[in-house]
Each structure stands twice: as structure tokens, then as C-alpha cells.
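**Q** Let me give you the structure first, and then I'll get to my questions.
The values are calculated or read from the model by the stated rules, or taken from the named source; none is laboratory data. As the structure is a prediction and not an experimental result, all values here were calculated from the model. Cβ: placed from backbone, ideal geometry, glycine included. Neighbour counts: every protein chain shown.
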Amino acid sequence: MKTDTFVEPKEKLKPKLLSVMKTYNKQQFVKDVISGIIVAIIALPLSIALALASGVNPEQGLYTAIAAGFIVSLFGGSRVQIAGPTAAFATIVAGIVANKGMDGLIVATIMAGIMLIIMGICRLGTLIKYIPSTITTGFTFGIAVTIIIGQLKDFMGLTFKESPVETIDKLKQVATCISTFNVQAFIIGLLALAILIFWPNKLKKIPASLIAVIVCSAVVKIADLNVNTIGDLYEISSAAPKFHFPSFQFSQLKDLVPDAVTIAVLAAIESLLSCVVSDGMIGSKHRSNMELIAQGGGNIASALLGGIPATGAIARTAANIKNGGRTPVAGMVHSVVLLLILLLLMPYAKLIPMPTIAAILFQVAYNMSGWRTIVNTVKTAPKSDVIVLVLTLVLTVVYDLVVAICAGLVLSAILFMKRMSDVTDVHGWVYMSEDEENDVDHIELKKVPKNTRVFEINGPIFFAASEKFMQVVFDTSIDVLVIRMRNVPAIDATGIETLRKIIQKCEKNSIQVVFSHVNEQPMKAMHKAGFTDIIGEKNFCNHIDTALLRAEEIENQKNN
């Protein structure tokens with residue numbers, strides 16, 4: 001039976017910039033420039049802080065925002081997306097750099113960029129929606145926890161005896177080295193946090209993080225406090241990004257595949273989530289596949305110019321929208337302004353206290369944690385969803401993001417199949433005598449021929465529920481078995497095999513099978529499996545009334 005289906009229009013692989021330029025005007029250009037400058041000022045301390053949290057030099061965070069930010073705005077599928085380094089990558093990048101060096105990170109990021117481009121070309125952007133929100137909520141909160149733990153050292157001015165990479169090892173070092181607590185560093189950290197929390201709303205166009213950096217740097221310098229600054233721990237470079245192709249052997253690629261997959265998946269998830277959020281804020285619709293291609297190109301450019309992995313930054317994108325940015329021009333201006341800051345003002349970054357960087361990252365972690373969502377999920381969601389969330393969260397902190405996402409997806413898939421199995425049922429209709437036909441208890445039932453049994457299947461016919469279909473049990477005295485499938489949206493190979501066994505058993509007992517109201521996907525699968533040849537096309541009926549008339553016809557033929 002042919003049914004009407006909605007076919008979603010094929011998404012264009014066309015940068016949004018080309019579309020918005022058709023109606024671009026001077027007024028919007030001015031708004032985009034102003035917004036781009038403000039977003040660059042917001043991105044400056046964040047890019048430096050996230051670079052340090054990722055275990056690389058501070059200027060590499062700016063390289064990322066400059067290269068990836070420009071490319072993603074130029075070729076991306078969103079009107080307002082701002083790309084750059086984000087907190088989600090911090091612990092992942094730090095682990096790769098510690099274990100495989102900067103060249104290993106560059107290669108992994110390039111591989112991830114290629115994967116993202118392939119995902120976009122193959123139009124896999126919409127598949128991201130199949131990752132349950134419990135998993136994204138769980139690993140996002142887990143990443144926030146790892147960032148906070150990773151910054152305790154600098155916030156309290158501790159001196160570690162070792163340089164751990166794993167989050168749990170860092171926590172152990174905090175406990176072991178608590179005797180090295182630096183009161184002056186802690187006070188600067190608290191001062192920075194106070195500024196970040198209590199900076200007046202009326203002055204929001206001047207980022208609180210920038211004020212915290214300026215005030216804390218001045219206090220440490222003027223009071224000559226014993227507090228580590230960026231300049232004490234890192235060499236600062238104000239040079240423009242330079243092309244660098246990493247040295248590697250092809251044998252190393254295999255070891256870097258898991259890292260590349262992690263970067264690609266996380267970049268895809270975060271960038272498309274950012275696009276969805278921004279769509280709601282401006283009433284637009286992004287092009288997910290074009291965005292993936294742009295994210296891939298942005299990551300490749302960032303890696304080759306000395307940066308780290310990048311993705312869409314939700315907070316900076318929201319700031320862009322709130323300050324009037326409505327086209328990709330704002331994102332491109334943001335990158336150009338950051339380049340000018342890098343060339344002219346970068347040497348002053350050496351004065352920024354490390355506890356201030358830690359405080360900024362604390363705020364970033366808090367804002368990204370989504371703790372309200374977690375509380376709401378725990379209160380209202382089924383226990384199975386809560387288990388997936390908690391498992392993903394714990395594994396993100398204790399192990400890493402790859403293990404967390406894989407385990408979360410596997411558990412979610414198993415629980416989903418369990419739910420589908422629970423809602424799938426098979427029940428039979430029985431023959432009614434003429435007396436029963438007038439019984440109000442049977443008013444909704446159809447009149448079933450005497451030597452016919454009708455079974456109705458509700459729910460998908462798939463392997464997790466296949467044993468339920470064996471409830472289609474019948475005695476050998478009947479002539480016809482009608483299987484009603486109007487509420488079966490889909491069937492898999494195991495379901496096909498189960499139906500085949502039922503048909504074979506009927507054939508052995510000279511029982512004719514009649515199918516009623518088979519939907520499009522099951523019909524295609526059954527036709528491909530040869531069911532129409534086995535039982536005949538006339539035994540596929542489009543309605544239960546037609547199927548019952550067919551059953552009555554078969555019974556009459558057998559009785560004559």
C-alpha cells in the first residue's frame with residue numbers, strides 16, 4: 001500500500017555568507033564591526049586561559065581564534081557562529097600534548113578536520129540529533145568538573161611534586177601538596193572571582209574577564225606579590241601565526257585515530273548545538289552540513305598555523321548576537337581584531353596572574369556545566385536516563401571523553417531497545433458467535449470468520465522483541481491466519497525471519513496467511529524477502545475489513 005511521506009528538502013552546501021550578502025547594507029556592516037570588536041575583547045582572555053588549560057602557550061589560543069574563527073565565519077552554515085578554542089577541548093588537548101607532543105596534536109587535529117569535512121559532504125550533520133541529551137549533558141558537566149580540578153593548583157598557588165595528566169591524579173596531587181598553599185595567590189584568585197561574579201550588569205559591554213585581568217595584574221605588579229604570572233611560566237610571543245607542517249610517520253596515524261575521532265565528534269556536537277541555540281535567538285536556520293565542512297577547514301587551518309582544536313563557542317556566539325552581529329562578517333572582524341591585539345599588545349599578557357586565569361576558567365566551567373539541567377533530569381526523568389547521565393559524567397572525569405561517550409551510547413541503545421521491546425505487543429482476536437456479536441463487551445471487535453484467527457502487532461518488529469511474536473500461536477484446525485500490522489512502523493532482519501518461520505509453520509499445516517495494513521518500510525522489507533511470492537500479492541490487504549473478506553473467501557474455497 002502506498003502512503004504519503006514527508007521528504008525533508010535537501011540542505012544546500014552553500015556558505016551563509018553568500019546568502020546574506022544579497023541583502024547586506026551599510027547599517028548592518030557597522031553593527032557587525034562593533035559586535036566583532038566586542039566579541040574579540042571577550043575572546044582575548046578566554047583564548048589565553050583555554051590555551052593554558054590545554055597545556056600549550058598562551059598565543060596558541062589566539063592563533064586558534066584567529067584562524068578557525070575566520071574560516072568558520074567565511075565558509076560556515078550559520079549567520080552568527082563564533083568559533084575558537086573552547087573548554088570542552090581543554091582536558092583532551094592537554095592529554096594529547098602530554099602523551100604525543102605538539103606534532104601529535106597537529107596531526108590529530110588535521111585528521112579530525114578531514115573527518116568533519118567528509119561528514120559534511122556526506123550530509124551527516126543531522127545525525128548529531130541521535131546522540132541523547134543525557135550523554136551531552138553528562139560529558140559537558142564532566143568536562144566542567146575536570147577543568148575545575150585542573151585549575152585548583154593555580155588558584156591556590158600550589159607547587160606540585162609531579163605533573164599529572166589524569167584528573168584523578170591531579171586531585172591526588174592537590175591533597176598531597178596542600179601544605180604549599182599560597183595565601184597571596186588565593187586572595188588574587190578570590191578577587192578575580194569577585195569581579196567576574198559581581199561586575200555590574202549595566203557595564204556588560206566591557207567584559208568582566210577583561211576587568212579582572214587588568215585589576216589583578218595591576219595589584220600583583222604594584223604590591224609585588226609572590227604570585228606566579230603567565231610570564232613566569234611561559235614564553236610570550238607576539239609573532240603572527242606561521243605555517244608549520246608536523247613531522248610524523250604514517251605508522252603513528254593509527255595511534256592518533258582515537259584522538260582524531262574524539263576531536264571530530266566533539267567539534268561536531270558542540271558547533272551544531274551552538275548553531276541550534278543561535279537559531280532560536282535570531283529566528284534563523286543554520287546549514288548543518290556546511291557548518292561541519294567549515295569546522296573541518298577551520299581546524300585544519302588552526303593546526304597548520306600553530307593553534308589547537310576549535311569549535312563553535314556558545315557564549316561568544318550569544319555575545320555576538322546580543323551586540324548586534326547578524327552576519328558572518330562579525331566573526332571575521334573578531335578574528336582580524338584578535339590578530340591586531342596579538343601583534344601589538346601580546347607582550348602585556350605576561351603580567352596576567354595565574355590565579356586570575358584559574359578564576360576565569362572556574363566561571364567558564366560553571367557556565368558550561370548545565371547543573372540546572374542535571375538537577376531537573378534527576379528529578380523528572382526515568383531512572384534509566386539518570387543512569388546514562390551519571391555514567392557518562394563519572395567516566396568523563398575518571399577516564400576520558402571517548403570511553404564516556406562510547407559507554408553512554410551503548411547503554412542508551414540497550415535501554416532504548418528495552419523500551420521498544422516493552423511497548424511492542426501481540427494480541428489475538430477470537431471468533432465471536434452470533435450471541436457474542438450483540439454483547440456490549442465486544443462492541444469494538446470485528447466479526448471474524450469461524451476458522452480464522454486474527455493477531456494484531458503493535459510496535460516495531462525487531463530483534464529485541466522477536467520472542468513476543470511467537471505468541472502468534474494457533475491450532476491446526478483453522479484455515480486462515482490474519483496478521484494485522486497497521487501499528488508496525490518498522491521491521492528488521494530478525495523480524496523478517498520470525499515472520500518467515502510463522503509462514504512456514506502455516507504452510508505445513510495448510511493455513512493461509514493474510515497480512516493487513518502493512519506500512520511502507522515493513523512492506524518494502526517483506527517484498528524484498530520474497531513474501532509476496534510466497535503467499536501471493538492478493539493476500540496483502542490494505543485494510544482489516546478487506547483482510548477479513550479475503551479470509552472468508554479462502555474459507556469458502558476450502559469448504560467447497
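**Q** Which of the numbered conditions does residue 241 fail, given that it passes all the others? Conditions: (1) part of a helix (DSSP H, G or I); (2) surrounded by 18 or more Cβ atoms within 10 Å (Cβ to Cβ); (3) in contact (Cβ under 8 Å) with a residue 24 or more places away in the chain.
**A** Result: residue 241 fails condition (1) only.
**Q** What do you reckon, is residue 292 surrounded by fewer than 23 Cβ atoms within 10 Å (Cβ to Cβ) and in contact (Cβ under 8 Å) with a residue 40 or more places away in the chain? Before the answer, list the steps.
**A** Values: surrounded by fewer than 23 Cβ atoms within 10 Å (Cβ to Cβ): no; in contact (Cβ under 8 Å) with a residue 40 or more places away in the chain: yes.
Judged against the criteria, residue 292 is not a match.
**Q** Can you name the residue in segment 516-557 that is under 19 Å from residue 446 (Cα atoms) and hydroxyl-bearing (Ser, Thr, Tyr) and is also nearest to the chain's Cα centre (by Cα) among such residues? Outline the logic, then answer.
**A** Filtering segment 516-557 down to residues under 19 Å from residue 446 (Cα atoms) leaves 516-518, 539-556.
Applying the additional criterion that residues be hydroxyl-bearing (Ser, Thr, Tyr) yields 516, 546.
On the way: 516: 40, 546: 47 Å.
That would be 516.
**Q** OK, next. So, restricting to helices (runs of 4 or more DSSP H) that lie completely within segment 345-442, which ones have at least 1 residues that are touching a helix residue (DSSP H, G or I) at 6+ places or on another chain (Cβ under 6 Å), of a type in the set (A, V, I, L, M, F, W, C) and modelled with pLDDT under 80?
**A** Working: elements: 354-369, 371-380, 383-398, 401-423, 434-437.
It comes to 401-423.
**Q** Can you confirm whether segment 103-121 contains a residue that is among the acidic types (Asp, Glu), in a helix (DSSP H, G or I), modelled with pLDDT of 90 or more and surrounded by fewer than 24 Cβ atoms within 10 Å (Cβ to Cβ)? Even if it seems obvious, please write down each step before you answer.
**A** Taking segment 103-121 first, the residues among the acidic types (Asp, Glu) are 103.
Those left that are additionally in a helix (DSSP H, G or I): 103.
From what is left, the residues that are modelled with pLDDT of 90 or more are 103.
Within this subset, residues satisfying the condition of being surrounded by fewer than 24 Cβ atoms within 10 Å (Cβ to Cβ) are 103.
For segment 103-121, residues among the acidic types (Asp, Glu), in a helix (DSSP H, G or I), modelled with pLDDT of 90 or more and surrounded by fewer than 24 Cβ atoms within 10 Å (Cβ to Cβ): present.
**Q** Next up: Which one of these is surrounded by fewer than 16 Cβ atoms within 10 Å (Cβ to Cβ), out of contact with any Asp or Glu (no Cβ under 6 Å at 6 or more places or on another chain) and over 30 Å from residue 219 (Cα atoms): 388, 375? Give the derivation first.
**A** Numbers: 388 fails: surrounded by fewer than 16 Cβ atoms within 10 Å (Cβ to Cβ).
Result of the check over 388, 375: 375.
One line per residue, one yes/no per condition, for (1) in contact with a Cys (Cβ under 9 Å, 6 or more places away or on another chain); (2) at pLDDT 95 or above; (3) of a type in the set (D, E, K, R); (4) within 29 Å of residue 204 (Cα to Cα):
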residue	(1), (2), (3), (4)
259	no, no, yes, no
282	no, no, no, yes
286	yes, no, no, yes
311	no, yes, no, yes
330	no, yes, no, yes
335	no, yes, no, yes
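**Q** Can you pull out every residue in segment 443-480 that is over 13 Å from residue 499 (Cα atoms), modelled with pLDDT under 75, in a loop (DSSP other than H, G, I, E, B) and among the hydrophobic types (A, V, I, L, M, F, W, C)?
**A** Those that are over 13 Å from residue 499 (Cα atoms), modelled with pLDDT under 75, in a loop (DSSP other than H, G, I, E, B) and among the hydrophobic types (A, V, I, L, M, F, W, C): 443, 445, 474.
**Q** Of all residues in segment 315-366, which are among the β-branched types (Val, Ile, Thr) and closer than 25 Å to residue 20 by Cα?
**A** In the first step, residues of segment 315-366 are kept if they are among the β-branched types (Val, Ile, Thr); the result is 317, 321, 327, 329, 333, 336-337, 341, 352, 356-357, 360, 364.
Once the filter is applied, which keeps residues that are among the β-branched types (Val, Ile, Thr) and closer than 25 Å to residue 20 by Cα, segment 315-366 yields 317, 321, 327, 329, 333, 336, 337.
**Q** Given the criteria surrounded by fewer than 24 Cβ atoms within 10 Å (Cβ to Cβ) and either within 20 Å of residue 356 (Cα to Cα) or in contact (Cβ under 8 Å) with a residue 40 or more places away in the chain (or both), does residue 89 qualify?
**A** Working: surrounded by fewer than 24 Cβ atoms within 10 Å (Cβ to Cβ): no; either within 20 Å of residue 356 (Cα to Cα) or in contact (Cβ under 8 Å) with a residue 40 or more places away in the chain (or both): yes.
Against the criterion (surrounded by fewer than 24 Cβ atoms within 10 Å (Cβ to Cβ) and either within 20 Å of residue 356 (Cα to Cα) or in contact (Cβ under 8 Å) with a residue 40 or more places away in the chain (or both)), residue 89 does not qualify.
**Q** OK, next. Is it true that some residue in segment 342-358 is small (Gly, Ala, Ser), surrounded by 22 or more Cβ atoms within 10 Å (Cβ to Cβ) and either touching an Asp or Glu at 6+ places or on another chain (Cβ under 9 Å) or free of Cβ contacts under 8 Å to residues at least 12 places away in the same chain (or both)? Reasoning before the result, please.
**A** Of segment 342-358, the ones small (Gly, Ala, Ser) are 349, 358.
Right, trim to surrounded by 22 or more Cβ atoms within 10 Å (Cβ to Cβ) and you get 349, 358.
From what's left, either touching an Asp or Glu at 6+ places or on another chain (Cβ under 9 Å) or free of Cβ contacts under 8 Å to residues at least 12 places away in the same chain (or both): 349, 358.
Yes, segment 342-358 contains a residue that is small (Gly, Ala, Ser), surrounded by 22 or more Cβ atoms within 10 Å (Cβ to Cβ) and either touching an Asp or Glu at 6+ places or on another chain (Cβ under 9 Å) or free of Cβ contacts under 8 Å to residues at least 12 places away in the same chain (or both).
**Q** Yes or no: segment 178-194 includes at least one residue that is under 17 Å from residue 355 (Cα atoms), modelled with pLDDT of 95 or more and in a loop (DSSP other than H, G, I, E, B).
**A** yes
This table checks each residue for (1) assigned by TED's automatic domain parsing to the domain that holds residue 360; (2) hydrophobic (A, V, I, L, M, F, W, C); (3) crowded, with 24+ Cβ neighbours inside 10 Å.
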| residue | (1), (2), (3) |
| --- | --- |
| 39 | yes, yes, yes |
| 48 | yes, yes, yes |
| 57 | yes, no, no |
| 65 | yes, yes, yes |
| 71 | yes, yes, yes |
| 78 | yes, no, yes |
| 81 | yes, no, yes |
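**Q** Taking only segment 165-216 into account, find how many residues are charged (D, E, K, R), within 32 Å of the chain's Cα centre (by Cα) and surrounded by fewer than 16 Cβ atoms within 10 Å (Cβ to Cβ). Write out each step before concluding.
**A** Step one: of segment 165-216, the residues charged (D, E, K, R) are 166, 169-170, 172, 202, 204-205.
From what's left, within 32 Å of the chain's Cα centre (by Cα): 166, 169-170, 172, 204-205.
Within this subset, residues satisfying the condition of being surrounded by fewer than 16 Cβ atoms within 10 Å (Cβ to Cβ) are 169, 172, 204-205.
Number of matching residues: 4.
**Q** A further question follows. Taking the criterion of being of a type in the set (D, E, K, R) and assigned to a helix (DSSP H, G or I), would at least one residue in segment 160-167 satisfy it?
**A** Taking segment 160-167 first, the residues of a type in the set (D, E, K, R) are 161-162, 166.
Still in the list and also assigned to a helix (DSSP H, G or I): none.
No - not one qualifying residue is present in segment 160-167.
**Q** Continuing with this model, one more query. Considering every residue within segment 269-279, establish whether at least one is surrounded by 13 or more Cβ atoms within 10 Å (Cβ to Cβ), of a type in the set (Ser, Thr, Tyr) and touching a Lys or Arg at 6+ places or on another chain (Cβ under 7 Å).
**A** Kept after step one, since they are surrounded by 13 or more Cβ atoms within 10 Å (Cβ to Cβ), are these residues of segment 269-279: 269-279.
Right, trim to of a type in the set (Ser, Thr, Tyr) and you get 271, 274, 278.
Within this subset, residues satisfying the condition of being touching a Lys or Arg at 6+ places or on another chain (Cβ under 7 Å) are none.
Checked against the condition, which is being surrounded by 13 or more Cβ atoms within 10 Å (Cβ to Cβ), of a type in the set (Ser, Thr, Tyr) and touching a Lys or Arg at 6+ places or on another chain (Cβ under 7 Å), segment 269-279 yields no hits at all.
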